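To start, the structure itself, in structure tokens.
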Amino acid sequence: MTRELFGTDGVRGTANTYPMTAEMALKIGAAVGRFFRKDQSVAHRVVIGKDTRLSGYMFENALTAGLTSTGMNVLLLGPIPTPAVGLLTTSMRADLGVMISASHNPAVDNGIKFFGPDGFKLSDEAEMEIEALVKEGVEPAQSRNIGRAKRIDDGRFRYIERVKSTFPFGVRLDGIKVVVDCANGAAYKAAPEVLWELGAEVIPIGVSPNGFNINQNCGSTKPNIAAEAVVANGADIGICLDGDADRVILIDETGAVADGDQIMGLFASRWAAEGRLKGNALVATVMSNLGLERYLQGHGIGLERTGVGDRYVVEKMRDGGFNLGGEQSGHIVMTDYATTGDGLMAGLQFLAEMVRSGKRASELANAFEPVPQLLKNVRFQQGQAPLDDTSVQAEIARVEAELEGRGRLLIRKSGTEPLVRVMAECEDEALLEQSVDAIVSAVEGAL
């Protein structure tokens with residue numbers, strides 16, 4: 001069966017356009033409710049969180065209708081980070097967790113992510129079964145077995161206490177000035193509260209969501225305003241989250257940006273030195289920089305690569321018994337603490353290392369010299385398949401041969417947007433740009 005609804009991170013698209021319509025959300029809710037409520041004689045519960053998009057209200061109601069129609073009891077958490085849903089699914093003994101978010105995408109988009117009773121995202125196999133149920137349709141529960149729905153007021157506070165518990169006992173952030181950019185998203189209350197309660201002087205930005213401004217010129221994908229705020233306020237560090245707070249980008253005291261590769265490099269080397277890096281390896285995707293791989297090798301640490309998507313990183317971590325992984329984009333997965341990427345937890349771990357070492361952010365956030373890397377995106381329309389074009393395939397083969405021994409090339413379709421992503425790495429920057437532009441031109445010519 002071919003996957004049509006689910007991408008690399010749940011179902012995603014433009015709100016009120018297939019598949020992200022209220023009608024489809026109701027069907028998806030009913031299908032996933034039937035999938036998880038296999039024993040009709042036992043009460044089942046599901047927790048639902050969302051970010052701050054206006055369409056979140058619509059999808060929250062539609063999913064609730066679908067889930068309760070199959071007998072699931074729904075607990076509504078309101079705006080809350082994605083990692084909080086993973087944590088609360090287990091701590092509240094729910095059978096299912098649902099997050100309504102399109103992560104770093106603009107406000108017009110939305111998405112639906114699912115977590116199993118263990119707090120981890122669903123497997124491809126489970127998603128395919130749910131997709132089949134959506135197509136087939138499901139029988140609703142008998143009228144006396146319809147589920148209930150209620151709002152939970154303390155979900156954010158439960159998450160805040162859990163996040164604080166991951167910070168080293170007895171360590172404080174007194175005297176440290178932190179700019180935190182919450183992207184007008186799901187962590188707009190939780191992140192500043194956690195940092196302040198741990199003693200930091202907090203300068204919050206991106207904390208005024210209006211339903212339309214999530215990720216708008218702010219957050220992990222647009223860290224410029226936060227970088228300016230760090231320098232202007234003489235802050236020690238900037239922490240930039242995305243719309244659902246499962247990824248983080250850091251800014252040092254000079255305003256320089258550190259991506260997920262630099263954060264993972266620091267954590268991996270530190271954890272290895274402390275003897276707590278399980279499997280003595282880091283799990284990262286094919287997008288992570290070659291410089292990270294070389295840095296880890298120099299420290300005797302392995303690198304396990306996966307396909308793009310934090311859920312594939314987590315699957316590899318669970319299969320291999322690793323406890324640290326992530327993506328260049330800022331998903332940092334620490335399974336000792338959480339079941340998925342958590343930007344706020346990662347930021348706290350970096351701050352803990354600043355306190356422990358007495359070093360400035362700029363000294364810690366440059367673990368290695370990255371190999372020059374260039375990424376360009378080409379947007380395509382539904383129904384188009386430019387990577388299947390023979391001329392595109394021929395050009396990819398030509399460029400790969402030219403880069404052999406000098407760099408690497410990665411071309412893939414995005415799992416969350418209708419984009420072809422063209423990425424290359426090469427020490428020769430002229431050859432790097434030439435290689436990427438050649439592939440981009442070929443793909444555009446096939447549209």
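The values are calculated or read from the model by the stated rules, or taken from the named source; none is laboratory data. Every value quoted in this text rests on a predicted model; they were computed, and no experiment measured them. Here the Cβ positions follow ideal geometry from the backbone for every residue, glycine too, while neighbour counts run over all protein chains shown. In case anyone asks, the SASA skips ligands and DNA or RNA and just uses the protein heavy atoms, side chains included. Shrake-Rupley method; radii C 1.70, N 1.55, O 1.52, S 1.80 Å.
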On a 28 Å Cα-Cα criterion, which of the cross-link pairs Lys177/Lys376; Lys164/Lys222; Lys164/Lys413; Lys38/Lys164 come out too long? Lys177/Lys376; Lys164/Lys413; Lys38/Lys164
Please give the length that would be gained between Glu201 and Leu387 if that part of the chain were fully extended, namely 0.36 nm times their separation in residues minus their C-alpha to C-alpha distance (nm, one decimal). 62.0 nm
May I ask you to compute the full-extension gain from Asn61 to Asp174, defined as 0.36 nm times their residue separation minus their alpha-carbon distance, rounded to one decimal in nm? 36.4 nm
Out of the DSSP beta bridges found with both residues in region 243-354, what percent are antiparallel (nearest 5)? 40
Whole Å is fine, so just give me how far the alpha carbon centre of region 249-282 lies from that of region 87-103. 27
For Arg294, project a label point 7 Å along Cα to C-beta. Then give me every residue of region 368-399 with its amide nitrogen under 15 Å of that point. 368-374
So how do Thr390, Thr68 rank on accessible area, 1.4 Å probe, biggest first, that is with the largest at the start? Thr390, Thr68
Probe 1.4 Å, protein heavy atoms only - accessible area per residue of the chain in square angstrom: 40
Antiparallel as a % of all DSSP beta bridges within region 9-141, to the nearest 5? 45
Region 76-170: which chymotrypsin sites (Phe, Trp or Tyr not before Pro) are DSSP loop and have at most 12 other beta-carbon atoms within 10 angstrom? Phe169
Show me 269-278, 102-111, 242-251 ranked by packing, highest mean number of other Cβ atoms within 10 Å first. 242-251, 102-111, 269-278
Looking at (1) 67, 61, 41; (2) 97, 77, 42; (3) 89, 56, 53, which value of Cα extents along the principal axes in Å comes from a calculation on the structure shown? (1)
May I ask you to derive the FRET efficiency for Leu419 and Met128 from their Cβ-Cβ distance with R0 = 22 Å, giving the value to the nearest 0.05? 0.40
Only bridges with both residues in the chain count here: give the DSSP antiparallel percent, nearest 5. 55
What does the charge add up to near Ala438, with Lys and Arg as +1, Asp and Glu as -1, over the other residues with Cβ less than 10 Å from its Cβ? -3
Any idea what the relative contact order of region 1-136 is, in percent, if you count C-alpha pairs under 8 Å spaced at least 6 apart? 31
Given the protein chains as shown and a 1.4 Å probe, how many square angstrom of Lys413 are accessible, to the nearest 10? 120
Centre separation in Å (Cα based) which lies between region 153-197 and region 385-447: 41
Roughly to the nearest percent, how much of the accessible area of the chain is carbon and sulfur, given a 1.4 Å probe? 49
Heavy-atom accessible area of Glu363 with all protein chains present, probe 1.4 Å, nearest 10 Å²? 90
Where Rh is the Kirkwood radius over the Cα pairs of region 131-194, the temperature 4 °C and the viscosity 1.567 mPa s, what D in µm²/s does Stokes-Einstein return? 79
Residues of region 31-69 with the amide nitrogen closer than 17 Å to a label point 7 Å from the Cα of Gln142, along Cα-to-Cβ, please. 38-44, 69
Ignoring everything except DSSP H segments at least 4 long, calculate the 222 nm mean residue ellipticity for the chain; use -39,500 (n - 2.57) per segment, divide by total residues, nearest 500. -11500 deg cm²/dmol
Note: Ser91 to Asp39 extended length (0.36 nm per residue) minus current alpha-carbon separation gives 16.6 nm
